[in-house]
Amino acid sequence: MEYQKIDTEMVDRILTRFLFQEVTKTGFKKVVLGLSGGIDSAVVAFLCARAFQPENVTALLMPYRTSNPDNIIDAKLIVSETGIVHEVHDITAMVDAFFSGDPDADIIRRGNRMARERMCFLYDFSSRHHALVIGTSNKTELLLGYGTIFGDLASAINPIGDLYKSQILQLAGFYGVPKHIIEKPPSADLWSGQTDENEIGYSYKEIDRLLHYLVDMRYPETMLVDLGFTSEMINNILNRMQKSQFKRRPPVIAKLSNRTINQDFRYCRDWGI
């Protein structure tokens with residue numbers, strides 16, 4: 001794991017400063033995030049509490065009727081540890097109403113609807129309280145496209161999107177996230193018994209090691225095989241990355257004019273500020 005080891009104190013300084021600067025320069029003073037009871041949102045909650053006064057940070061806890069009740073307990077523990085504000089909004093009625101005319105909808109569709117319903121709550125809170133929505137997707141998830149577009153992948157600012165899952169674990173230890181939250185199997189909790197690693201087919205430790213050499217080091221397949229990765233795993237992960245590219249960029253616009261948004265009309269992110 002030495003190749004993925006981070007200086008947690010330095011990362012903390014960079015990310016808390018990043019959050020404060022990115023939020024305040026747009027005129028916002030408050031932030032809101034979805035708190036699931038998992039490690040990623042827990043780390044973001046700690047980050048936000050350190051970057052702002054805890055009273056300016058709100059966590060929304062948004063269970064569905066099949067959600068693991070232990071996750072709500074863990075989310076409330078994070079709220080207690082950080083001192084941030086929280087609200088609980090049960091999304092069962094909204095999701096079930098959406099599928100009332102289609103009771104045979106599969107778990108993937110239902111899971112996507114849950115993720116998007118939660119983001120609806122977050123952006124409605126953002127509008128009501130002038131609080132910027134903070135993302136909780138890590139680098140591993142983003143590269144694999146492991147998330148719902150316009151659902152849990154949506155946000156205004158994402159402080160942990162350049163940290164692999166293995167690095168999130170290190171930062172969680174630095175913040176003192178409760179050990180049982182760090183050690184429990186990662187899960188989006190979209191259906192009973194769901195875990196990320198079972199669904200993807202590989203452990204995060206395996207995936208992060210491959211992504212490090214594939215993405216950061218740009219190793220070709222021959223060198224990856226020499227490191228012990230199977231061609232099947234390499235092709236599987238690479239295929240996931242390629243097919244999910246649309247989730248990592250703004251919608252592609254058909255070019256008709258001489259200056260097309262996101263093609264020729266591209267300014268710095270802070271243009272005009």
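The values are calculated or read from the model by the stated rules, or taken from the named source; none is laboratory data. Here the structure is a predicted model, which means the values were calculated and not measured. Here Cβ is always computed from backbone atoms with ideal geometry, including for glycine, and neighbour counts include all displayed protein chains. Ligands, DNA and RNA are excluded from the accessible area calculation, which covers all protein heavy atoms including side chains. Shrake-Rupley method; radii C 1.70, N 1.55, O 1.52, S 1.80 Å.
Quick notes on this one:
- Filtered residues of segment 4-28 (kept if in contact (Cβ under 8 Å) with a residue 24 or more places away in the chain and among the acidic types (Asp, Glu)): Glu9, Asp12, Glu22
- If you go through segment 95-106 and keep only what is surrounded by fewer than 13 Cβ atoms within 10 Å (Cβ to Cβ) and in a helix (DSSP H, G or I), you end up with just Ala97.
- Members of segment 99-146 that are acidic (Asp, Glu), free of Cβ contacts under 8 Å to residues at least 24 places away in the same chain and under 19 Å from Ile157 (Cβ atoms): Asp124
- Residue within segment 107-114 that is open to solvent by 40 Å² or more (accessible area, probe 1.4 Å), assigned to a loop (DSSP other than H, G, I, E, B) and farther than 17 Å from Ala49 by Cβ present: no
- Residue within segment 164-179 that is surrounded by 18 or more Cβ atoms within 10 Å (Cβ to Cβ), in contact with a Gly (Cβ under 8 Å, 6 or more places away or on another chain) and of a type outside the set (A, V, I, L, M, F, W, C) present: no
- Any chance Thr148 is among the hydroxyl-bearing types (Ser, Thr, Tyr), open to solvent by less than 20 Å² (accessible area, probe 1.4 Å) and in a loop (DSSP other than H, G, I, E, B): yes
- Residue in segment 62-80 that is in a helix (DSSP H, G or I), free of Cβ contacts under 8 Å to residues at least 40 places away in the same chain and crowded, with 17+ Cβ neighbours inside 10 Å present: yes
- Among (1) open to solvent by 40 Å² or more (accessible area, probe 1.4 Å); (2) farther than 28 Å from Ile107 by Cβ, the one test that Ser192 misses: (2)
- Test: Thr92 is among the hydroxyl-bearing types (Ser, Thr, Tyr), over 22 Å from Leu142 (Cα atoms) and surrounded by 17 or more Cβ atoms within 10 Å (Cβ to Cβ): no
- The listed residue being at pLDDT 95 or above, in contact with a strand residue (DSSP E or B) (Cβ under 6 Å, 6 or more places away or on another chain), open to solvent by 10 Å² or more (accessible area, probe 1.4 Å) and among the acidic types (Asp, Glu), out of Glu87, Glu117, Glu141: Glu87
- Restricting segment 195-230 to residues that are at pLDDT 95 or above and among the polar types (S, T, N, Q), the residue that is least open to solvent (accessible area, probe 1.4 Å): Thr230
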